[in-house]
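Peer 1: Dropping the structure in here first, questions after.
The values are calculated or read from the model by the stated rules, or taken from the named source; none is laboratory data. Computed from a predicted model, the values in this text were never measured in an experiment. Here the Cβ is made from the backbone with ideal geometry for all residues, glycine too, and neighbour counts use every protein chain on show.
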Amino acid sequence: MSKEHHYKATIQWTGNKGTGTDSYRSYERSHMISVENKAVIEGSSDPAFRGDKTKYNPEEMLLASLSSCHMLWYLHFCSEEGIIVTAYTDHATGIMTETPNGSGCFKEVYLNPEVIVSEETMVEKARQLHHKANEYCFIANSVNFPVKHIPIVLVK
C-alpha cells in the first residue's frame with residue numbers, strides 16, 4: 001500500500017517597489033519562502049534574470065534539494081550496512097540551459113560528495129551505496145534530467 005505525504009509552503013512576493021509589474025525593470029524578484037514553524041528563507045531570481053545575488057534562487061534550491069535528499073538516503077543506507085560515516089560534504093553543481101524563447105531546463109546535475117568513513121574496510125561499500133541512494137532519492141526520482149555522482153570516500 002502506498003503512502004501519500006503532503007507538504008505546504010508559502011511564497012510571498014516582496015518586490016513591489018510601488019508600481020507593481022508595470023514594466024520588466026520596475027519590480028524586484030524578491031520573495032519570502034515560509035513553512036509553518038520554520039525559519040523564513042529569502043529568495044529572488046538568479047542575477048542573470050534581475051535577481052538579488054544575496055538571496056537564494058530557485059535553481060540553487062533545486063540543487064540543494066537534490067543534494068540533501070541524496071545525503072539523507074545515503075546516510076540511512078550506510079547506517080543499515082554498518083558503514084560509519086563521520087563527515088559528509090557535497091559540492092553539487094548543475095547545468096541549466098535557456099531556450100531561444102526564454103524558457104529553460106536543467107540539463108544535468110552532478111553531486112560531488114566527499115565522505116569520511118572510520119575504517120578502510122568500509123570504503124568500497126561506502127562508494128557503492130551512492131548508487132542505491134540515487135535510486136531511492138525522492139527528489140532525484142522526480143526530475144527529468146540525469147543526476148550523476150562523483151563520490152570521494154576517505155578514511156580518517
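Peer 1: Do any residues in segment 111-138 that are under 29 Å from I95 (Cα atoms) and in contact (Cβ under 8 Å) with a residue 40 or more places away in the chain have Cβ atoms under 6 Å from those of residues that are of a type in the set (G, A, S) and surrounded by fewer than 15 Cβ atoms within 10 Å (Cβ to Cβ), where the two are at least six apart or on different chains, and which pairs are they?
Peer 2: Pairs that qualify, where the first residue is under 29 Å from I95 (Cα atoms) and in contact (Cβ under 8 Å) with a residue 40 or more places away in the chain and the partner is of a type in the set (G, A, S) and surrounded by fewer than 15 Cβ atoms within 10 Å (Cβ to Cβ), are I116/A87.
Peer 1: Out of curiosity, is L66 part of a helix (DSSP H, G or I) and either modelled with pLDDT of 95 or more or not assigned by TED's automatic domain parsing to the domain that holds S26 (or both)?
Peer 2: Judged against the criteria, L66 is a match.
Peer 1: Might you check whether a residue that is over 13 Å from the mean Cα position of the chain (by Cα), assigned by TED's automatic domain parsing to the domain that holds S65, among the aromatic types (F, W, Y) and within 19 Å of A64 (Cα to Cα) occurs anywhere in segment 95-106?
Peer 2: Looking for residues that are over 13 Å from the mean Cα position of the chain (by Cα), assigned by TED's automatic domain parsing to the domain that holds S65, among the aromatic types (F, W, Y) and within 19 Å of A64 (Cα to Cα), one finds none in segment 95-106, hence no.
Peer 1: Which one is farthest from P58 (Cα to Cα) among residues in segment 21-46 that are in contact with a helix residue (DSSP H, G or I) (Cβ under 9 Å, 6 or more places away or on another chain) and not in a strand (DSSP E or B)?
Peer 2: R29
Peer 1: Which numbered condition trips up T86, out of (1) in contact (Cβ under 8 Å) with a residue 60 or more places away in the chain; (2) under 22 Å from H6 (Cα atoms); (3) hydroxyl-bearing (S, T, Y)?
Peer 2: Against the list (1) in contact (Cβ under 8 Å) with a residue 60 or more places away in the chain; (2) under 22 Å from H6 (Cα atoms); (3) hydroxyl-bearing (S, T, Y), T86 comes up short only on (2).
Peer 1: Taking strands (runs of 3 or more DSSP E) that fall entirely within segment 89-153, which contain at least 1 residues that are surrounded by 15 or more Cβ atoms within 10 Å (Cβ to Cβ), out of contact with any Phe, Trp or Tyr (no Cβ under 9 Å at 6 or more places or on another chain) and aliphatic (A, V, I, L, M)?
Peer 2: Passing ranges, in order: 104-111, 113-117.
Peer 1: Restricting to segment 5-20, give me the number of residues that are over 30 Å from F138 (Cα atoms) and assigned to a loop (DSSP other than H, G, I, E, B).
Peer 2: Number satisfying all stated conditions: 6.
Peer 1: Any residue in segment 20-38 that's under 16 Å from K8 (Cβ atoms) and at pLDDT 95 or above: show its pairings with residues that are basic (K, R) and surrounded by fewer than 11 Cβ atoms within 10 Å (Cβ to Cβ) at Cβ separation under 8 Å, as long as the two are six or more apart or on different chains.
Peer 2: Pairs that qualify, where the first residue is under 16 Å from K8 (Cβ atoms) and at pLDDT 95 or above and the partner is basic (K, R) and surrounded by fewer than 11 Cβ atoms within 10 Å (Cβ to Cβ), are V35/K8; E36/K8.
Peer 1: Right, next: List the residue pairs whose Cβ atoms are under 7 Å apart, where the first residue sits in segment 140-152 and is closer than 25 Å to M122 by Cα, the second is loosely packed, with under 15 Cβ neighbours inside 10 Å, and the two are 6 or more positions apart or on different chains.
Peer 2: Matching pairs, first to second residue: K148/E108; I152/E114.
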